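Since every read-out is calculated from the coordinates, none of them should be taken as a lab result. Here the structure is a predicted model, which means the values were calculated and not measured. Here the Cβ is made from the backbone with ideal geometry for all residues, glycine too, and neighbour counts use every protein chain on show.
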Amino acid sequence: MTKKHLLIVWVFFYNYAYTQQRNFVIPDSLSTKDYEYFSSNILYEEKDSIKEMLYAQAWLAKAKREKNYGQKAQSYKALIYTSDKKLQLIYADSMLIAAKKTADFTLIGSGYITKGVIQYDRKEHMKALDSYLMADEYISKTNNQYQIHKVKYGIAQIKYYLGFYHEAIALFKECLGYFKEENNRAYLNTLHSLGLSYNRIGKYKLCSQMNQLGLNEGLRLKNLEMQSYFIHSEGVNQYFKHNYPDAIKKLTKALPALKENKDFTNETTAYFYIGKSYWALKLQEKAVPYLKKIDEAFQKQKYIRPDLREAYELLIDYYREQNNKELELYYFSTLSKVDQQLLKDYKYLSGKIYKEYDSKKILQTQINNEHYWTVVVSIIITIMLIIIVFLVHRHYKSKRLFEELMNRKPDTAQSLVLNNTSKELDINPELITAVLKNIEKFERNKKYLEKDMTLARIASLLNTNTKYASKIIARYRKKGTVEYITYLKIDHIIELLKNENKYRNYTNKALGDEAGFGSTQNFTRAFKNQTGLSPTYFISKLRSQRNS
């Protein structure tokens, strides 16, 4: 059968079998091909390719016949990249089921990464994070550095989306050096993500440097796929630098490529910052059509982010000034739906959702129609109830966490006993014993309070190398090295605050210095992560106990 005839047959089967996968017929010409043939003929780039879907189905059929679960998992991955988006999550689950029957950690981890990518694309960000974390659990047991860094990049993306920009930057930096040598596209993606993260924390100069480096590296590597994204990123960055005409110019230049790629998220972001730039230039009539694009994206795709929410506030203000009560009410009502969506997707921001827009301004709106007032009052009551419920929940949760923290027994240097796990670590038992003694000494002498306590420094103090130090700490302290040091630092500060009054008068900066943190922000974030409370709240409760 010639390739031409093969494609004609496949077009027929594609139209008929797309909704009837079980009745899929594999041409005789493919039934005798080996796995290498299928693997080499699927590029994982041409989505919805008829020919590649045919190869993937033939690959799957062969793997099923031969009960080869590893190849079965790989064939499902091929189907993910060649099928309609509605089927991708189903195939991802099938890939995982097959992969788990192989006990191959790399393959199982790859399955979770693939599922995470699909969930991220579907805007199911918390589910995606769960998948990436599961992938990390398996991939961390292998030496597959590409997969290890791919997981880190995925988690960094989620952290960026959730607003944990500093944590995202740390992970992106870890990925940058590796991908630079191993994968050009991943390297350029990481440069782009770093630029976006720097912008979100106000480091606009660093953002510009990443964008320019990305443009230059794209030319050097002869990979121009990301050029429009670096221009887009710099356009947003120029808005924050108050260079509004340049922001409009760059974002407008990036738009055609974004539309061609059907990247509606970045397209929507471009419209928002073009509109904001015109608004800042007092050109409201030009700004409004762009700001309306954010509502179009929300109505069609349910796509919204906390920063894009401001478009509704500007439109409400604009139509109030125009005395157009109908459109003012429309955008106000839609804003309520937007807030509900954000409350669902951004639970960590639930206390800040309504901060951007002053509800008192809404109360001052003079709407004569009784129906309008009913809608407005209902929305305000709903918002107030949500805020009250959140605040009450937070109060009781903080109170419970404080009581648990006060009632717990302090962690003293625990005895570390060598057991038969030395074989699991593949380290000489005598060496483990020596390192464990040094760990006890390290904790007893509070060496962990030193600033810039790196893995290399810890290994030196434990008189071993970094690999053994991290393995032994993970096994006997049940924590990663950074988590272990951070835990000891925070535990030290908690005991000081509980037992010595003078430390309750220290600022967060002074407490951070006392514990050896590099910055106040790192200290407060670590304290909150470990205890669930801010240091300020913890100190205030300690003071109130003393005064009661």
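Each Lys or Arg adds one and each Asp or Glu subtracts one; over the other residues with Cβ under 10 Å from the Cβ of Ala311, this totals 0.
Can you pick out the pairs among Lys397/Lys541; Lys180/Lys205; Lys276/Lys300; Lys479/Lys541 whose Cα atoms lie more than 25 Å from each other? Don't skip to the end; give the middle numbers.
Numbers: Lys397/Lys541 14 Å; Lys180/Lys205 22 Å; Lys276/Lys300 22 Å; Lys479/Lys541 29 Å.
Long pairs (Cα-Cα over 25 Å): Lys479/Lys541.
Distance between the pseudo-spin-label points of Leu87 and Tyr330 (7 Å out from Cα toward the beta carbon): 4.0 nm. In sequence order, segment 245-260 has phi-based couplings of x, 5, 4, 4, 4, 5, 5, 5, 5, 7, 4, x, 5, 5, 5, 4 Hz under the Karplus curve 6.51 cos²θ - 1.76 cosθ + 1.60, θ = phi - 60°, and Gly or Pro positions carry x.
Fewest to most neighbouring Cβ within 10 Å: what's the order for Tyr448, Tyr312? Intermediate values should be presented prior to the final figure.
On the way: Tyr448 20, Tyr312 26.
By the 10 Å Cβ count, ascending, the order reads Tyr448, Tyr312.
Each residue of segment 59-70 was assigned a 3J(HN,Hα) from its phi angle through the Karplus expression (A = 6.51, B = -1.76, C = 1.60, θ = phi - 60°), giving 4, 5, 4, 5, 5, 5, 4, 8, 6, 9, 5, x Hz with x at Gly and Pro. Note on Lys180 and Ser534: the model spin-label points, each 7 Å out from Cα along the C-beta direction, lie 3.8 nm apart. What the phi angles of segment 300-313 give under the Karplus curve with 6.51, -1.76 and 1.60, with θ = phi - 60°, is a coupling list of 8, 10, 6, 9, 7, 9, x, 6, 6, 4, 4, 4, 5, 4 Hz, glycine and proline written as x.
The residues packed around Phe523, meaning those with a beta-carbon under 12 Å from its beta-carbon, carry a net charge of +3 if Lys and Arg are +1 and Asp and Glu are -1.
Taking 0.36 nm per residue of separation and subtracting the Cα-Cα distance, what length does fully extending Asn465 through Lys141 add? Present the calculation step by step, with values, prior to reporting the outcome.
Numbers: separation 324, 0.36 × 324 = 116.64 nm, distance 1.92 nm.
So the extension gain works out to 114.7 nm.
Relative to the current alpha-carbon distance between Lys222 and Arg400, full extension at 0.36 nm per residue lengthens the span by 58.4 nm. Net charge in the neighbourhood of Ala99 (other residues with Cβ under 13 Å of its Cβ; Lys, Arg +1, Asp, Glu -1) is +3. Using R0 = 51 Å, the C-beta based FRET efficiency linking Ala61 and Glu483 works out to 0.65.
From most to least packed by mean Cβ count within 10 Å, the peptides 131-143, 491-503 give 131-143, 491-503.
Of all aspartates and glutamates in the structure, the ones whose alpha carbon falls short of 18 Å from that of Lys62, not counting any fewer than 8 places away in one chain, are Asp28, Asp34, Glu36, Glu52.
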